[in-house]
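A quick write-up on the structure given underneath.
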Amino acid sequence: MLIDHAARRLLWDACHNVRDIGGYDTADGRHIRWRAVVRADDLCNLSEEGSERLIDYGIRTVIDLRGPWESPHDSSPFARSSRYAETVTYLNLPVIDVTEFTGSPVERARTIEESYRVILDVYQSEIAAVMTAIARARAGGILIHCHAGKDRTGLITGLLLSLAGVPVETIAEDYALSDTYLQPLYDRWLEHVPENADPEMVERLRQYELCLPDTMLATLSYIDERHGGAESYLIDAAVDPRDVERIRQRIVE
């Protein structure tokens, strides 16, 4: 890939994993619009200056994919402060729509790939709601985020780029960037793991932290084999075909 990854990274205070998905080539010779979609981790600690930088970048819709078991939804500066209401639309659309994560189908998954398949199959209507919101969002850039910005955000981004016709290798490469951006955060998390912690648990945690290209490649292959591709998946999930086309028009130049 010829695009410099550093050119797409956005350094907003208190965030680790923010990047524009623009510039990627599609199979038919077009490319993804810059400033159309930004993927991110949690915005809850974003300062006033950081929020203003987000707005200056052209973001007009923030879609929060987190569920009720995580940080309270009003922790987002765009939910808790009315000063941004006219400029930025905030939507909380949980991808994993459960009150408690513990014991959920995703939590029971044995591998990260399995957890992605569970999300795609069990929470298909929730994903459809997110994609419909993207299609119908107000003019301007859209920011999508969850907690770390790698799993739920990675799935939504993968579907968007696949729908736009971006090659699977490129989608996998974008997915894997989260490993680089989140490494300092991973290191801090692991510093707090007790020395007597169950080694199997620690290894599982390490595996869940990884964003390997093969994981996204396997996930995209699963979407193709089980659902017939991203477009068929979304239409089967009751996304209006007109909204599918609106998404393409919104993100592809």
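Structural remarks
The rows are residues; the columns are (1) surrounded by fewer than 18 Cβ atoms within 10 Å (Cβ to Cβ); (2) in contact with a Ser or Thr (Cβ under 9 Å, 6 or more places away or on another chain).
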residue	(1), (2)
Ala164	no, yes
Leu182	no, no
Asp187	yes, no
Val193	yes, no
Pro199	yes, no
Leu210	yes, no
Leu220	no, yes
Glu245	yes, no
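- When the criteria are applied in full, Ala14 fails the requirement of being in a loop (DSSP other than H, G, I, E, B) and either in contact (Cβ under 8 Å) with a residue 60 or more places away in the chain or within 26 Å of Leu163 (Cβ to Cβ) (or both).
- Taking the conditions (1) of a type in the set (A, V, I, L, M, F, W, C); (2) part of a loop (DSSP other than H, G, I, E, B); (3) out of contact with any Ser or Thr (no Cβ under 7 Å at 6 or more places or on another chain) in turn, Ile63 satisfies each one other than (2).
- Of the residues Thr153, Thr89, Thr111, the single one that is modelled with pLDDT under 95 and of a type outside the set (Phe, Trp, Tyr) is Thr111.
- Qualifying residue in the stretch 66-73 (condition: outside any loop (DSSP other than H, G, I, E, B) and surrounded by 17 or more Cβ atoms within 10 Å (Cβ to Cβ)): no
- A residue that is touching a residue at least 24 places away in the same chain (Cβ under 8 Å), part of a loop (DSSP other than H, G, I, E, B) and buried (at least 17 other Cβ atoms within 10 Å of the Cβ) occurs somewhere in the stretch 111-129.
- Cβ pairs under 7 Å, 6+ apart, first in the stretch 33-62 and more than 18 Å from Thr157 (Cβ to Cβ), second aromatic (Phe, Trp, Tyr) and crowded, with 16+ Cβ neighbours inside 10 Å: Leu46/Trp12; Gly50/Trp12; Ser51/Tyr84; Arg53/Trp12
- Residue pairs meeting the criteria (Cβ under 8 Å; at least 6 apart or on separate chains; first free of Cβ contacts under 8 Å to residues at least 40 places away in the same chain, in the stretch 233-253; second among the β-branched types (Val, Ile, Thr) and assigned to a helix (DSSP H, G or I)): Ile235/Val244; Pro241/Ile235
- Qualifying residue in the stretch 138-156 (condition: over 15 Å from the mean Cα position of the chain (by Cα), among the charged types (D, E, K, R), loosely packed, with under 14 Cβ neighbours inside 10 Å and assigned to a helix (DSSP H, G or I)): no
- Among the numbered conditions (1) β-branched (Val, Ile, Thr); (2) in contact (Cβ under 8 Å) with a residue 40 or more places away in the chain; (3) not in a loop (DSSP other than H, G, I, E, B), the only one that Val95 does not meet is (3).
The values are calculated or read from the model by the stated rules, or taken from the named source; none is laboratory data. Fair warning: this is a prediction, and the values are worked out from it, not measured in the lab. Heads up, the Cβs are rebuilt from the backbone with ideal geometry, glycines too, and the neighbour counts pull from every protein chain shown.
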